[in-house]
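The values are calculated or read from the model by the stated rules, or taken from the named source; none is laboratory data. Quantities reported herein were computed from a predicted structural model and do not represent experimental measurements. Reconstructed Cβ throughout: ideal geometry from the backbone, glycine too, with neighbour counts over all protein chains shown. Note: accessible area is taken over every heavy atom of the protein model, side chains too, but ligands, DNA and RNA are not part of it. Shrake-Rupley method; radii C 1.70, N 1.55, O 1.52, S 1.80 Å.
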Amino acid sequence: MARPTAAHTVPTAALLVALLSGCAPAGGTGPTPSAVTPATTVVAASFNGTDLAWVQLMIPMNERTLPLLELAAAHGADPAVRRFADEVHAAHLTELARLRELRTLAGLDGTNPHEGHDMPGMVTAVQLDALRAATGAEFDRLFHDRLREHVDQSARVSRSEQESGADTATIALAAEMARSRAAYLTRLDQLTAA
(Lines give C-alpha, C1' and ligand atoms only; values in the text may rest on other atoms or scores of the structure.)
Protein backbone atom coordinates (compact mmCIF):
# COMPACT_ATOMS: atom_id res chain seq x y z
CA MET A 1 0.00 0.00 0.00
CA ALA A 2 1.47 3.34 -1.04
CA ARG A 3 1.76 6.03 1.60
CA PRO A 4 -0.44 9.03 0.68
CA THR A 5 1.51 12.25 0.30
CA ALA A 6 -1.18 14.91 0.49
CA ALA A 7 -2.68 15.86 3.84
CA HIS A 8 -5.60 17.75 5.25
CA THR A 9 -6.77 18.78 8.71
CA VAL A 10 -9.65 16.98 10.42
CA PRO A 11 -11.18 17.55 13.88
CA THR A 12 -10.78 14.01 15.18
CA ALA A 13 -13.13 13.99 18.19
CA ALA A 14 -16.06 15.32 16.15
CA LEU A 15 -15.61 12.52 13.62
CA LEU A 16 -15.91 9.81 16.23
CA VAL A 17 -19.49 10.77 17.01
CA ALA A 18 -20.59 9.79 13.51
CA LEU A 19 -19.73 6.10 13.94
CA LEU A 20 -20.58 5.52 17.55
CA SER A 21 -23.95 4.36 18.72
CA GLY A 22 -22.99 5.27 22.26
CA CYS A 23 -19.96 6.46 24.15
CA ALA A 24 -20.16 6.99 27.88
CA PRO A 25 -17.28 6.93 30.32
CA ALA A 26 -17.07 4.01 32.70
CA GLY A 27 -19.77 4.38 35.30
CA GLY A 28 -21.95 6.38 32.91
CA THR A 29 -20.83 9.82 34.05
CA GLY A 30 -18.63 12.50 32.54
CA PRO A 31 -18.35 13.97 29.08
CA THR A 32 -19.87 12.40 26.01
CA PRO A 33 -18.10 12.64 22.64
CA SER A 34 -20.03 15.78 21.74
CA ALA A 35 -18.68 17.42 24.90
CA VAL A 36 -15.05 16.55 24.16
CA THR A 37 -12.98 19.44 22.86
CA PRO A 38 -12.02 18.50 19.29
CA ALA A 39 -8.32 17.95 18.76
CA THR A 40 -6.88 18.82 15.38
CA THR A 41 -4.53 16.46 13.64
CA VAL A 42 -3.04 16.23 10.16
CA VAL A 43 -4.11 13.06 8.41
CA ALA A 44 -3.26 11.45 5.09
CA ALA A 45 -5.52 12.60 2.26
CA SER A 46 -6.86 9.12 1.45
CA PHE A 47 -8.50 8.84 4.90
CA ASN A 48 -11.83 10.48 5.61
CA GLY A 49 -13.51 10.98 8.98
CA THR A 50 -15.23 7.60 8.91
CA ASP A 51 -11.90 5.84 8.28
CA LEU A 52 -10.29 7.64 11.22
CA ALA A 53 -13.19 7.03 13.58
CA TRP A 54 -13.40 3.35 12.64
CA VAL A 55 -9.68 2.71 13.19
CA GLN A 56 -9.68 4.62 16.47
CA LEU A 57 -12.72 2.66 17.67
CA MET A 58 -11.76 -0.82 16.50
CA ILE A 59 -8.36 -0.76 18.18
CA PRO A 60 -9.72 -0.40 21.73
CA MET A 61 -12.68 -2.67 20.94
CA ASN A 62 -10.31 -5.47 19.98
CA GLU A 63 -7.87 -4.69 22.80
CA ARG A 64 -10.64 -4.83 25.40
CA THR A 65 -11.82 -8.20 24.02
CA LEU A 66 -8.43 -9.92 24.37
CA PRO A 67 -8.75 -10.59 28.15
CA LEU A 68 -12.20 -12.12 27.56
CA LEU A 69 -10.77 -14.44 24.92
CA GLU A 70 -7.79 -15.35 27.10
CA LEU A 71 -10.07 -16.25 29.99
CA ALA A 72 -12.27 -18.42 27.79
CA ALA A 73 -9.31 -20.16 26.16
CA ALA A 74 -8.04 -21.10 29.60
CA HIS A 75 -11.26 -21.65 31.58
CA GLY A 76 -14.08 -22.54 29.19
CA ALA A 77 -16.00 -25.59 30.37
CA ASP A 78 -16.54 -26.85 26.83
CA PRO A 79 -13.34 -27.71 24.89
CA ALA A 80 -15.01 -26.26 21.77
CA VAL A 81 -15.40 -22.94 23.57
CA ARG A 82 -11.71 -22.97 24.53
CA ARG A 83 -10.64 -23.73 20.93
CA PHE A 84 -12.93 -21.06 19.49
CA ALA A 85 -11.72 -18.44 21.97
CA ASP A 86 -8.12 -19.27 21.08
CA GLU A 87 -8.86 -18.90 17.34
CA VAL A 88 -10.62 -15.56 17.80
CA HIS A 89 -7.79 -14.34 20.04
CA ALA A 90 -5.21 -15.06 17.33
CA ALA A 91 -7.38 -13.36 14.70
CA HIS A 92 -7.85 -10.28 16.90
CA LEU A 93 -4.08 -9.95 17.38
CA THR A 94 -3.64 -10.03 13.60
CA GLU A 95 -6.39 -7.44 13.14
CA LEU A 96 -4.80 -5.21 15.78
CA ALA A 97 -1.49 -5.24 13.94
CA ARG A 98 -3.22 -4.17 10.73
CA LEU A 99 -5.35 -1.54 12.49
CA ARG A 100 -2.27 -0.02 14.12
CA GLU A 101 -0.53 0.07 10.74
CA LEU A 102 -3.53 1.94 9.28
CA ARG A 103 -3.47 4.33 12.24
CA THR A 104 0.17 5.11 11.48
CA LEU A 105 -0.49 5.52 7.74
CA ALA A 106 -3.35 7.87 8.54
CA GLY A 107 -0.98 10.07 10.51
CA LEU A 108 -2.69 9.49 13.86
CA ASP A 109 -0.75 9.05 17.06
CA GLY A 110 -1.42 6.21 19.49
CA THR A 111 -3.83 8.22 21.64
CA ASN A 112 -6.99 6.31 22.55
CA PRO A 113 -9.91 8.77 22.38
CA HIS A 114 -12.07 6.14 24.10
CA GLU A 115 -9.85 5.72 27.17
CA GLY A 116 -12.01 5.21 30.23
CA HIS A 117 -15.19 4.70 28.22
CA ASP A 118 -17.35 1.60 28.35
CA MET A 119 -18.94 1.60 24.93
CA PRO A 120 -21.12 -0.90 23.07
CA GLY A 121 -18.99 -3.84 22.01
CA MET A 122 -16.27 -3.19 24.58
CA VAL A 123 -15.78 -5.73 27.34
CA THR A 124 -15.92 -3.99 30.71
CA ALA A 125 -13.98 -4.65 33.90
CA VAL A 126 -17.23 -5.60 35.65
CA GLN A 127 -18.00 -8.16 32.94
CA LEU A 128 -14.52 -9.64 33.24
CA ASP A 129 -14.93 -9.89 37.03
CA ALA A 130 -18.20 -11.77 36.55
CA LEU A 131 -16.46 -14.18 34.17
CA ARG A 132 -13.60 -14.75 36.61
CA ALA A 133 -16.14 -15.66 39.30
CA ALA A 134 -18.13 -18.01 37.05
CA THR A 135 -17.46 -21.69 36.41
CA GLY A 136 -18.72 -24.45 34.15
CA ALA A 137 -21.72 -23.82 31.91
CA GLU A 138 -22.30 -20.41 33.53
CA PHE A 139 -18.83 -19.29 32.44
CA ASP A 140 -19.48 -20.46 28.88
CA ARG A 141 -22.85 -18.65 28.81
CA LEU A 142 -21.32 -15.38 30.01
CA PHE A 143 -18.49 -15.71 27.50
CA HIS A 144 -21.00 -16.30 24.72
CA ASP A 145 -23.03 -13.22 25.70
CA ARG A 146 -20.01 -10.91 25.98
CA LEU A 147 -18.44 -12.09 22.73
CA ARG A 148 -21.75 -11.80 20.88
CA GLU A 149 -22.07 -8.17 22.01
CA HIS A 150 -18.55 -7.43 20.77
CA VAL A 151 -19.09 -9.24 17.47
CA ASP A 152 -22.45 -7.57 16.79
CA GLN A 153 -21.13 -4.06 17.45
CA SER A 154 -17.85 -4.50 15.58
CA ALA A 155 -19.76 -5.91 12.58
CA ARG A 156 -22.12 -2.91 12.68
CA VAL A 157 -19.35 -0.31 12.69
CA SER A 158 -17.38 -2.27 10.08
CA ARG A 159 -20.38 -2.13 7.74
CA SER A 160 -20.53 1.65 8.34
CA GLU A 161 -16.86 1.90 7.36
CA GLN A 162 -17.54 -0.05 4.17
CA GLU A 163 -20.43 2.27 3.28
CA SER A 164 -18.85 5.61 4.18
CA GLY A 165 -15.07 5.17 4.30
CA ALA A 166 -12.67 6.47 1.66
CA ASP A 167 -9.33 4.72 2.18
CA THR A 168 -9.28 1.50 0.16
CA ALA A 169 -7.08 -0.46 2.59
CA THR A 170 -9.27 0.55 5.53
CA ILE A 171 -12.45 -0.40 3.68
CA ALA A 172 -10.89 -3.75 2.72
CA LEU A 173 -10.00 -4.53 6.34
CA ALA A 174 -13.50 -3.54 7.46
CA ALA A 175 -14.95 -5.93 4.86
CA GLU A 176 -12.72 -8.75 6.11
CA MET A 177 -13.71 -8.03 9.68
CA ALA A 178 -17.42 -7.93 8.82
CA ARG A 179 -17.07 -11.35 7.15
CA SER A 180 -15.17 -12.77 10.12
CA ARG A 181 -17.84 -11.45 12.50
CA ALA A 182 -20.57 -13.16 10.49
CA ALA A 183 -18.60 -16.42 10.76
CA TYR A 184 -18.14 -15.87 14.51
CA LEU A 185 -21.89 -15.45 14.97
CA THR A 186 -22.49 -18.75 13.19
CA ARG A 187 -19.91 -20.47 15.39
CA LEU A 188 -21.40 -18.93 18.53
CA ASP A 189 -24.84 -20.22 17.55
CA GLN A 190 -23.38 -23.68 16.94
CA LEU A 191 -21.68 -23.65 20.34
CA THR A 192 -24.95 -22.65 22.01
CA ALA A 193 -26.88 -25.36 20.19
CA ALA A 194 -24.31 -27.99 21.23
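Quick look at the numbers
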| item | result |
| --- | --- |
| Accessible surface, the stretch 72-186, averaged per residue in Å² (probe 1.4 Å) | 46 |
| Neighbour-limited loop hits for GluC sites (Glu not before Pro), the stretch 99-194 (at most 14 other Cβ within 10 Å; DSSP other than H, G, I, E, B) | GLU115 |
| Difference of contour (0.36 nm per residue) and Cα-Cα distance, GLU101 to ALA130 | 7.1 nm |
| Label point distance in nm, ASN112-GLU138, each placed 7 Å from Cα along Cα→Cβ | 2.9 |
| Nitroxide proxy distance, nm - points 7 Å out along Cα→Cβ at GLU70 and GLN190 | 2.7 |
| Surface accessible to a 1.4 Å probe, ASP129 within the full protein complex, Å² | 90 |
| Spin-label pair GLU87/ARG159, simplified geometry with 7 Å Cα→Cβ offset, distance in nm | 2.3 |
